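Let me begin by presenting the structure, written as structure tokens, before commenting on it.
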Amino acid sequence: MKLALPKGRLLPLTSSLLRDAGLDFEGYDATSRSYRPVCAGMPQLSTKVFNEKDIPIQVAVGNYDLGICGREWVEELLAKYPSSALVKVKDLGFGYSELCMAATVDQNMRSLDDLSGYNGLISIASEYPNLAEKFALQARLRRFRVLPLWGAAEAYPPDTSQLALISRTPGQAMHTGLISITSILDSSAFLIANRLSWETKDLSPVVGRLYHTSTMRDPEKVTSAGDSPLGPRFARGKVRLALADGHQQAPTLQFLARAGITLNEDVPDSRRPGINVDGVSVKIIRPQDMPLQVANGNFDLAITGEDWLANHLTRFPSSPVRKILTLGYGTVRIVAVVSNNLPVNSPEELRSLLTNGTMERLRIASEYTDIADRYAHENRLSPYRLIPTWGASEVFLPEDADLLIENVQTGKTLAENNLKIIDTLFESSACLIGRRELADDITVEQLAKVIKPLDQALKEA
Amino acid sequence: MEIEKCKGSRDLLPGDMVRFRRIEDVFRKACLDWGYGEVRTPTLEYLHLFTSVGTLTPSMLSRTYSFLDWDGWSGERIVLRPEATIAAARLYIENLSDLSPAKLFYIENVFRFDESGTRSRERWQCGAEVLGSAKTLADIEMIMLSMDVLRKLGIIDVELHLSHAGLIRALLTALGLSAHEQVRVFDQILDEDHSVIEKLIGDNPQFTEALDLFFRAKGKSAGFLQNLQALLSKSFPVPGIEDSIAEFTHLAERLSEFDCKYVIDIASGRGFEYYTGIIFRLHCGDQKVGGGGRYNDLIPLLGGGNVPASGFGLQMDKIMEMTDIPPDERYRVLVQCRTDSAKAERLCFETAADLRRRGYIADIDHDGTGTACKWTISVEGDVDHPVYRLMDQAANVVVEAGSCSAICEQLQEAKANEASIT
């Protein structure tokens, strides 16, 4: 029996639920970095820890018999693939959140009637693009676009998108300046099963215990909380600059400081800090989302990674995004990785496993889905199936994928996971990107206020 | 690795294609004879063409194949054409809006996801549209043209079911449904969800009898519509129903006049949300083979001005199952080369070309395993003095000749003898 467990926000309560159910896992707690926790007294149970978003897919394709994840990710999969082989077994009664369609207070979009009566283009930013599209079709929006995101959707309205489909957790204040137009889904942690496994296998050793143990540990439903003010919006005539959140943020701020550019983070909205360059506005978003946002003219400049720019240009070869400067920090290599147990050391040798029938189909896992897709074409690694992942892809090898297209800094994580590199695709560092054509409300001189100091800092280095 | 076709798709084999082409030929000829011009819209269209209220129902939209193009960074999705009328309306607005009326027809495939696995996700349809005519005569023409095509294809047991979108909408309004609910309920009726009618009746017990007769009784003449109107005016007044009843009655009377039998079945309004007036369905046994209706609001909704329209579509996949393969009246002859030389092969091709000019199907045998034919002509002997042999099915040599034209004439003679014996 195979079980997929979530990391991240659901991990602590899932861990304690399992313990209460008599399923003692070694290596499944907030401090552990193990991807393969072991259940004492249940040797037949094989368990792996995934990003929550990956779990419905892994269970639906049959790699795992059971999984625990937020219902929102189950519904996100079902919105696009309603015939997915999933059984929703039980609401586990914790990890509540609410998905709501949000706009800013002053957009005159307060009800579904406002939306369906709107004649212009409505853009919806979300980490849940399938649910966003389903909503738009059901609400009969006349014309809409969904901006699929890696995160930070709450930072998008009103100046980068009209609407954002966001997740709120209990007690959490509504994001700055946003109001909920309508609730799309009440989510909580769910036990799910693969349909075929449910129909044909005895899963009772795990299901039975969880069924009888689960209690409503976290009964607090999402309540509306007070709004907090929105930071300064993008105004016409100002350069719109996107900077990265997460682990890219610190090195980016250090580099900017070397160029004499500093942010004023003493503001109510941490995603819209001030900046000491006149005529420039800043928003903090995910680096993965930047090329698409720059292509659409939502930002004039962005500091992202060359890897994400390459992934974007692979998907959209005629995109107007261009690289302006290579910034040289945050360097990683984008590599092809297999398990040490696989007797190949090059893409050619991997291909021969497919051509001589040793391997029936190659499973490729990657966050860089478009680069991975092209890599498979170029190296004639056919037939293959692509498994999109959302970080920590190394966990997929060797059981749930055969090849990984991943970034590495030192290779230490790969070695720890018994993996090896069989090919290097390219090297990637931070870069400044912009559009081939300037937006109609800004000038080259304005852009130069950001580009020139960065260029100067590079030369001095 | 097993090679197989994509799930939910269908291969058309030579026998299928003969049926397919026959339907196409009959439909195309009929439309041209009725004064229609052929068009073809691209397979790819923007999704937003199909998303507004009054175009496709959400349940249909959820089954479209939509994706981002290679230059789709803006998020603008494109679809594999899920439906042909809206695309034809777009074509009209973009290219032919100065024509009124425009009478157009097309033979196109549409793509819709089907979970059941019993239907192909790619379906072919023959459709015709009259754009720019508000007359009931245009609706009658749509019905008569579609039935003419089916009759010419040998499908005669066709049952014509009639409904009226305006009538259904007026009733939903009278029941006090909000604009949003009206759209939802109308969509469910169009998607043939009969539970919604049960629910409507259940929710309005004071009108049970009237609603039951409205949705469940069936009529065969214009008189039935008058009965409905009389019933409703007494028990459940429906404001604004008069125009729809008058239009429907006018059409029913005309059809009766043309000896065209029909069934008035209000709940049979399966179709598209864009219908505003008459809706018709064509049944053959338990199969729906086609349908159409009036859609006066679609072109205004797409920004093409106040252009009323009416149209229909025939489902080729269904009709193919009902039509026989017509006998191929052309004679097939196998041509064999029995001398291995370039010149002999050239003679062989020349003989085949001559046969084709004379109206035969000439099938060149590559290695002695060619399809068995009633007659075979072989080219053999010395290439400078070739011998042409005409053989019958049992490989008996019937006659020999020294030239291509002579053997072709011998064949014609043999064929004539055969005909006279029969």
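The values are calculated or read from the model by the stated rules, or taken from the named source; none is laboratory data. Just so we're clear, the structure is a prediction, and the values are computed from it rather than from any experiment. Because the Cβ atoms are built from the backbone with ideal geometry, glycine has one as well, and the counts that use them run over all protein chains shown.
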Lone qualifier among A:277, A:267, A:222 - being assigned to a loop (DSSP other than H, G, I, E, B) and at pLDDT 80 or above: A:277
Filter region A:140-154 down to the residues that are in a strand (DSSP E or B) and either surrounded by fewer than 23 Cβ atoms within 10 Å (Cβ to Cβ) or within 7 Å of chain B (Cβ to nearest Cβ) (or both) and list them by number. A:145, A:146, A:147, A:148
Looking at region A:338-366, which of its residues are touching a helix residue (DSSP H, G or I) at 6+ places or on another chain (Cβ under 6 Å) and more than 12 Å from chain B (Cβ to nearest Cβ)? A:344, A:364, A:365, A:366
If I go through region B:86-135 residue by residue, how many of them are at pLDDT 95 or above, part of a loop (DSSP other than H, G, I, E, B) and of a type in the set (S, T, N, Q)? 1
Out of the residues in region B:218-235 that are closer than 14 Å to residue B:171 by Cβ and either at pLDDT 85 or above or crowded, with 20+ Cβ neighbours inside 10 Å (or both), which is farthest from the chain's Cα centre (by Cα)? B:232
Taking region B:65-94 and keeping residues facing chain A (nearest Cβ under 10 Å) and touching a Leu at 6+ places or on another chain (Cβ under 7 Å) leaves B:66, B:73, B:75, B:77
For region A:96-117, check the following and say yes or no: at least one residue is at the interface with another protein chain (Cβ under 10 Å from one of its Cβ atoms), touching a residue at least 60 places away in the same chain (Cβ under 8 Å) and not in a strand (DSSP E or B). yes
Within region B:37-58, does at least one residue satisfy the condition of being more than 14 Å from every other protein chain (Cβ to nearest Cβ) and among the basic types (Lys, Arg)? yes
Is it true that some residue in region A:315-331 is surrounded by fewer than 23 Cβ atoms within 10 Å (Cβ to Cβ), of a type in the set (Ser, Thr, Tyr), more than 13 Å from chain B (Cβ to nearest Cβ) and over 29 Å from residue A:460 (Cα atoms)? no
Got at least one residue in region A:282-295 being away from chain B (no Cβ under 14 Å), over 30 Å from residue A:450 (Cα atoms) and hydrophobic (A, V, I, L, M, F, W, C)? no
Going through region A:4-60 one residue at a time, which ones are aliphatic (A, V, I, L, M) and touching an Asp or Glu at 6+ places or on another chain (Cβ under 7 Å)? A:10, A:13, A:38, A:40
Filtered residues of region A:296-314 (kept if within 12 Å of chain B (Cβ to nearest Cβ) and more than 22 Å from residue A:407 (Cα to Cα)): A:296, A:297, A:298
Evaluate the following for residue B:190: is it more than 14 Å from chain A (Cβ to nearest Cβ), surrounded by 20 or more Cβ atoms within 10 Å (Cβ to Cβ) and not small (Gly, Ala, Ser)? yes
Within region B:141-172, which residues are among the aliphatic types (A, V, I, L, M) and not in a helix (DSSP H, G or I)? B:153, B:155, B:156, B:158, B:160, B:162
Take region A:257-288 and flag every residue that is without any contact (Cβ under 8 Å) to a residue 12 or more places away in the chain and under 27 Å from the mean Cα position of the chain (by Cα). A:265
Working only within region B:264-286, note down all residues that are surrounded by fewer than 22 Cβ atoms within 10 Å (Cβ to Cβ), touching a helix residue (DSSP H, G or I) at 6+ places or on another chain (Cβ under 7 Å), at pLDDT below 90 and not aliphatic (A, V, I, L, M). B:270
Based on what the data block shows, is residue A:383 within 26 Å of residue A:287 (Cα to Cα), within 14 Å of chain B (Cβ to nearest Cβ) and modelled with pLDDT under 95? no
Note down all Cβ pairs under 6 Å where the first residue falls in region B:236-263 and is surrounded by fewer than 17 Cβ atoms within 10 Å (Cβ to Cβ), the second is not in a helix (DSSP H, G or I), and they're at least six residues apart or on different chains. B:263/B:161; B:263/B:218
Does residue A:438 qualify as being outside any helix (DSSP H, G or I) and of a type in the set (A, V, I, L, M)? yes
